[in-house]
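A.B. asks: To start, I am sharing the structure in question, which I have written as structure tokens.
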Amino acid sequence: MKLLLVFILAYVLIFLIDNNSFADKSTFFDSVKFIQYLDENTALEEVRNGNLDIYYDKISPDRLSEQKSREGLKVFDSAGGSYSILVNPAESNEFNPFSLKEVRFALNYLIDRKLIVNELMGGYGAPTVSYYSPSDPEYVTV
């Protein structure tokens with residue numbers, strides 16, 4: 001079995017190293033132009049009108065919630081972005097409630113993560129309680 005794996009690996013490496021079938025081909029475009037729009041509405045209209053090929057930035061879920069608003073667009077859902085709350089647990093001369101472990105622990109119960117996902121993200125997301133989210137490959141091993 002190990003010998004078979006070695007032969008397969010050697011074959012793949014030889015194929016990848018000596019494969020020149022893509023080296024002499026030209027590209028399908030003459031230039032690439034990057035344009036920055038400060039207004040999301042303008043960028044979406046430019047894509048709808050065919051003036052832009054792609055708009056590569058986040059779009060709020062409420063803007064594309066109805067089928068009519070998606071007409072003329074091909075929308076891809078992607079994993080990315082997160083909301084987090086950082087607290088300072090350092091001890092100081094003044095009273096810092098977050099230096100107490102119990103207060104930080106209680107903060108976990110005060111925040112309704114499902115409400116944040118449903119209201120702020122329009123249902124596009126998953127609540128997390130640790131650094132790793134369900135979309136991370138390492139999530140199953142944690």
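Rule-based calculations on the coordinates, nothing more; no lab input. Small disclaimer: the values here were computed from a predicted structure and weren't measured. As a convention, Cβ positions derive from the backbone with ideal geometry for all residues, glycine included, and neighbour counts pool all protein chains shown.
A.B. asks: With charges set only on the Cβ (+1 for Lys and Arg, -1 for Asp and Glu), what does the dipole of segment 29-76 come to about its Cα centre, in debye to the nearest 20?
C.D. replies: 140
A.B. asks: Suppose every K and R has +1 on its Cβ and every D and E has -1 on its Cβ; what is the size of the dipole of segment 67-140 about the Cα centre, in Debye to the nearest 20? Can you show the working numbers first?
C.D. replies: Numbers: 7 positive and 9 negative charges, 66 e Å.
Rounded to the nearest 20 debye, it is 320 debye.
A.B. asks: Quick one: how many lysine pairs in the chain have C-alpha atoms under 24 angstrom apart, if they're 8 or more apart or on different chains?
C.D. replies: 7
A.B. asks: Here's something else I'd like to know. Could you check the spin-label model distance between residue 31 and residue 103? Points 7 Å from the Cα along Cα→Cβ, value in nm.
C.D. replies: 5.8
A.B. asks: With a ≥ b ≥ c taken as the square roots of the eigenvalues of the C-alpha gyration tensor of the chain, please select rounded if a/c is under 1.5 and otherwise prolate if a/b is larger than b/c or oblate if it is not?
C.D. replies: Oblate, since a/c reaches 1.5 and b/c is not below a/b.
A.B. asks: Report the GluC sites (Glu not before Pro) located in segment 60-135 that are in a DSSP loop and have at most 16 other Cβ atoms inside 10 Å of their Cβ, or state none.
C.D. replies: Those that pass, being in a loop and sparsely packed, are 66, 71, 91, 94.
A.B. asks: Expressed as an acute angle from 0 to 90° and rounded to the nearest 10, what is the orientation of the C-alpha long axis of helix 2-17 relative to the principal long axis of the chain?
C.D. replies: The answer is roughly 70 degrees.
A.B. asks: If you consider only alpha-carbon coordinates, what radius of gyration and Dmax does segment 29-76 have, in Å?
C.D. replies: 11.4, 36
A.B. asks: Using the Cα centre of segment 97-141 as origin and beta-carbon charges of +1 (Lys, Arg) and -1 (Asp, Glu), tell me which of 137, 109, 127 is placed farthest towards the positive end of the dipole.
C.D. replies: It is 109.
A.B. asks: Something else about it: Taking Rh as the Kirkwood radius, which is the inverse of the mean 1/r over Cα pairs, what is the Rg/Rh value for segment 97-141? Can you show the working numbers first?
C.D. replies: Numbers: Rg = 13.0 Å, Rh = 12.2 Å.
Over the Cα atoms of segment 97-141, Rg/Rh equals 1.07.
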